[in-house]
Amino acid sequence: MTLAASDLRKSYGQTRAVDGVSVVLRPGMVHAIVGENGAGKSTTLRMLAGAEPPDSGVMTLDEASYAPPSVVGAAALGVSLVYQEITINRSLTVAENIFIDRLRQFAGPLGFIDRRRMEAAARAILERIGAQISISADTGRLNLGELKCIEIARALSTNPKILLLDESTAYLDHREVQAVLRVISELKGQGMTVAFVSHHLDEVLAVADELTILKDGQYVGTYRTTEIEPNEIHRRMVGRELARSIYPPRPPGVPSKPVVFEACEVAVGRELGGVSLNVRAGEILGLAGLKGAGAEALFAAICGDLPLRGGSMTLAGSSYAPSSPTSAWGQGVAYLPGDRHNEGLIADFSILDNLVMARPPHHGPFFDRAAATAIAGDLIAQIGIKTQSVDSSCRSLSGGNLQKVVIGKCLAVQPRLLLLNNPTRGVDIGARTEIYRIVRQKAAQGLAVILSSEDMPELIGMSDRLLVLRQGQITHRIETAADATEHDIIGHMA
Amino acid sequence: METNVTSIATKTPNATGEPGVNASRFEFVKRGFPLAMLVLLIVTFSIASPRFLTFSNFLIVLQQGTVLLVAALGMTFVIMAGSIDLSVGSIVALAALATALTADSLGAAAIIPAIAVGAAAGLVNGVLLAKGKVPSFIATMGAMVVYRGIVLLFTRGAPVSIEDEQFLNVYTNRTLGIPHSVIIGLVLMVVAYGIINRTVFGREVRAIGGGERVAILTGIQVARVKIYMYVLLGALCGIAGLLQGARAMAATAQLGEGLELDVIAAVVVGGTPLTGGVGSVVGTMLGVLIITLLSNGMNMAGVDPYLQNIVKGTVLVCAVFVTIDRRKIGIIK
């Protein structure tokens, strides 16, 4: 089946999310849709899947007019969507999740569900995509990649001819991304048409046959992946010539500044089992590792959110044992959490409210609004937060801008140690570049930074030194991160 | 209106592609709703009863509303932080009892034990929630029963009368025709307004309601702020208990029964959502006036007393139906 769309348009209020996009999904091809945040990728996919009606434009399925009223309507015509968010209910079984909207079809004569028949059907689909998930697995214990595979299995359970995957790998770690990519290749081998939206160019080039680039809601072009270079894709996504590297240059010379933070045999919970490391003023220390390898636990301990099970820490030469995040921030340790929306900032609050949240300027008990406005204005200019006013709600900001606000919140306390947990997750390349610039600039002024990231090029590009964590232990130390290769790091991670 | 209290999203055009213009117009309707409802009630009751729109009835409404207002000011903080307190009616009774037991010896200074008892009761609630991690709904539901039980145990069901002249003079007399209780209520309102809008504490309470995990990880002393907030509510309930006792010239075991529902209703009708993160003292005052005027007006207009509860409940649900921001809450439970 060929799904073609031409000149699709969709506006939300004043904003034109999609403005004249055309795309053709040809049988048996894997088609990637790429672009920066806000380029209109997800909206395009959602219109193809019947989740939203286009304002105008024509869609055809095998040359017949195609205007699905809903996602269910599209599925009936053979077009199935996997949502960006994980929609697995963790209190149901794997099979129940796959057939969640069609449990009735397994009902026996008395209305009871025939579990064996349902589980056999579920097992068949999981085998088809080559997912190594047991039908009796506890959904509460599966990782995000496995949950994503179940979502794909659910989409396949309606026997679609065309599968649409929305930004499937945005929050998955390296190992989980690989699992999803394997499934896509497997489906491609079976002649399935797949379209997917992605931020990650590497995965696009790994599996896609064709790619369509969108920019600011507009159609840039469709290319065969064999015909276009990654740099060229970048350039067309951003619409301007990228500097040679998005990572700022490291300052010359070996840093011999004083050690700001030192951990000695630090153990935390079950995740982290005795690691020692230090970071100097002006240095960016990178932490590589899969989810659960220990970086999160280490950050939780340094920022006072979890107690140490063993070991000790020193900050600026004296013993450091924060009893709470309050104590950590008070001693100049700022933490940027990995989950921007639930841990990083309060989206309903204004930019100013978020920026000065950690250390509000005050006279006695009274909040000093004038000083806060000055601090916020200064941070907005320094970090390049794009907004009309300090009083704008964070809801009006894009993902990249939101992350800049969280960085601003950290820098507002003038920390001596900054902990960054995946600072550019879901952030477009323009905002990334600015975040890298400000972090490197602050480091050059003497800030010590620990950067944990699932993004390998980012770790290699930003870090001065790199540590690789696996199962709560440091498995590899790289003294000059600039010389590291992804292959080398991944080898010590898994 | 107050600065920075409600979501400021409405002032700025939305850049992310959400329906900006229409939403803000709708937002305006929502924010103006409590005031519109108050005006509607006044107009309706003025037509229904000639005695409604008189200065003497106005003073009666203010006096009736003061106890509710003082407790609701404290509740605004607690609800703004996303918590709840069901024990306010019982704390009011406890404080009224403390007042009645000490008024003879302390006179007007009986306000000290009233505040102390209220604050202590609030402290227990706050510690249960912040340190004991007992959900506030359950902790204060238990406290409601226990505090009321203490009052019953002390009084054995008999009222404790307040006869001290000096005490009654201070708390029930009028100056320039305005009852002292109303003056106290207005002063406390200004103080509460200042705390919410001008202090770091007020911002921290709001941040806890807006996103508690964010507040914790940003270094806000969440447990301490929660305890202070319950102590503040308890202290205000202490004053409310004193005023109620002074009006009735006695403390009874039934005093303040069911008050928690009116207090919560007043805060919510005033536009402070139970989901937290947002709160307005002016809104709470409007909510108190709406709740009080509704009872007063229905009595004046001779509405069947057996019908009144149905009207009150309907008004509460309608107010929430209009003002609740479903976009932010997502799933309503």
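Every number in this text was worked out from the coordinates using simple rules, so none of it is lab data. Predicted, not measured: the structure shown is a model, and the values here were computed from it. So basically every Cβ, Gly included, is an ideal-geometry build from the backbone, and we count neighbours across all protein chains shown.
Show me the trypsin sites (Lys or Arg not before Pro) within region A:102-173 that DSSP assigns to loop and that have at most 13 other Cβ atoms within 10 Å of their Cβ.
A:ARG102
For region A:380-431, what is the Kirkwood hydrodynamic radius in Å, using each pair of distinct C-alpha atoms?
Averaging 1/r across every pair of different Cα atoms and inverting gives 11.8 Å.
As a test of the formula, what do you get for chain A when each DSSP H run with n ≥ 4 contributes -39,500 (n - 2.57) and the sum is divided by the residue count, at 222 nm and rounded to the nearest 500 deg cm²/dmol?
-9000 deg cm²/dmol
Hey, got the average number of other protein chain Cβ atoms within 10 angstrom for residues in A:385-392? Write down the numbers at each step before the final one.
On the way: counts 0, 1, 2, 4, 3, 1, 5, 7.
Whole-number average of other-chain Cβ neighbours for A:385-392 is 3.
Size of region B:52-322 along its principal axes in angstrom, Cα-based, largest extent first?
53, 43, 36
Would you kindly state the longest site-free stretch of chain A, with sites defined as GluC sites (Glu not before Pro) in a DSSP loop (not H, G, I, E, B) surrounded by at most 13 other Cβ atoms within 10 Å?
A:242-478
Among all lysine pairs in region A:3-238 that are eight or more places apart or on different chains, how many have alpha carbons less than 20 angstrom apart?
Step by step, the pairs that qualify in region A:3-238 add up to 7.
Could you size up the charge dipole of region A:259-493 around its Cα centre, putting +1 on the beta carbon of Lys and Arg and -1 on that of Asp and Glu, and report it in debye to the nearest 20? If you can, show how the numbers build up before the last one.
Working: 20 positive and 23 negative charges, 57 e Å.
So the magnitude is around 280 debye.
Which percentage, to the nearest 5, of the DSSP beta bridges contained in region A:3-238 is antiparallel?
For region A:3-238, the DSSP antiparallel bridge percentage is about 55.
Report, in whole Å, the centroid distance computed from the Cα atoms of region A:29-83 and region A:172-225.
16
How large is the dipole of the protein assembly as shown about the Cα centre if only Lys and Arg carry +1 and Asp and Glu carry -1, each at its Cβ, rounded to the nearest 20 debye?
Once rounded to the nearest 20, the dipole reads 560 debye.
Please label the shape of region B:181-333 as rounded, prolate or oblate, based on the square roots a ≥ b ≥ c of the eigenvalues of the alpha-carbon gyration tensor (a/c under 1.5 means rounded; beyond that, a/b larger than b/c means prolate, else oblate).
It comes out oblate by the Cα gyration axes.
Rank B:THR172, B:ALA207, B:GLY313 by how far each Cα sits towards the positive end of the charge dipole of region B:52-322 (+1 on Lys, Arg Cβ; -1 on Asp, Glu Cβ) and give me just the farthest.
B:ALA207
Number of Lys-Lys pairs in chain B under 18 Å by Cα, sequence gap 8 or more or different chains?
Counting lysine pairs in chain B gives 5.
Please state the charge dipole magnitude for region A:3-238, taken about the Cα centre, from unit charges on C-beta atoms (+1 on K and R, -1 on D and E), reported in debye and rounded to the nearest 20. Each step should come with its number before you reach the end.
On the way: 25 positive and 29 negative charges, 121 e Å.
The calculation lands at about 580 debye.
Sort chain A into rounded, prolate or oblate with this rule: let a ≥ b ≥ c be the square roots of the eigenvalues of the Cα gyration tensor; rounded if a/c is under 1.5, and if a/c is not under 1.5, prolate when a/b is larger than b/c, oblate otherwise. Don't skip to the end; give the middle numbers.
Details: a/c = 1.83, a/b = 1.51, b/c = 1.21.
Taking the square roots of the gyration eigenvalues as a ≥ b ≥ c, chain A is prolate.
Which FRET efficiency value, to the nearest 0.05, is calculated for A:ARG477 and B:LYS312 with the Förster distance at 45 angstrom and r the Cβ-Cβ distance?
Rounded to the nearest 0.05, the efficiency is 0.05.
Among B:LEU186, B:VAL225, A:ALA267, whose Cα sits farthest toward the positive end of the charge dipole of the protein assembly as shown (+1 at Cβ of Lys/Arg, -1 at Cβ of Asp/Glu, about the Cα centre)?
Working it through, the farthest residue towards the positive pole turns out to be B:LEU186.
In peptide A:342-355, how many Cβ atoms from other protein chains are near each Cβ within 10 Å, on average? Could you put the intermediate results ahead of the total?
Working: counts 5, 6, 5, 4, 12, 6, 14, 12, 6, 1, 2, 6, 5, 0.
Mean number of neighbouring Cβ atoms from other chains: 6.
Three principal axis extents, largest first, for the C-alpha atoms of region A:162-312, in Å?
Here the spans come out as 55, 39, 25 Å, largest first.
Roughly how large, in nm² to one decimal, is the mean projection of the convex hull of the alpha-carbon atoms in region A:3-238?
For region A:3-238, the mean projected area of the Cα convex hull comes to 13.3 nm².
Compute the orientation-averaged projected area for region B:92-240 from the convex hull of its Cα atoms and round it to one decimal in nm². Provide the component values of the computation, followed by the final result.
Working: hull surface 41.2 nm².
If I average the Cα hull's projected area over directions, I get 10.3 nm².
Give me Rg over Rh for the protein assembly as shown, both radii from the alpha carbons and Rh done the Kirkwood way, two decimal places.
Across the protein assembly as shown, the Cα-based Rg/Rh ratio is 1.03.
Quick one: helix A:115-128 against the long Cα principal axis of chain A, what's the angle to the nearest 10°, folded into 0 to 90?
80
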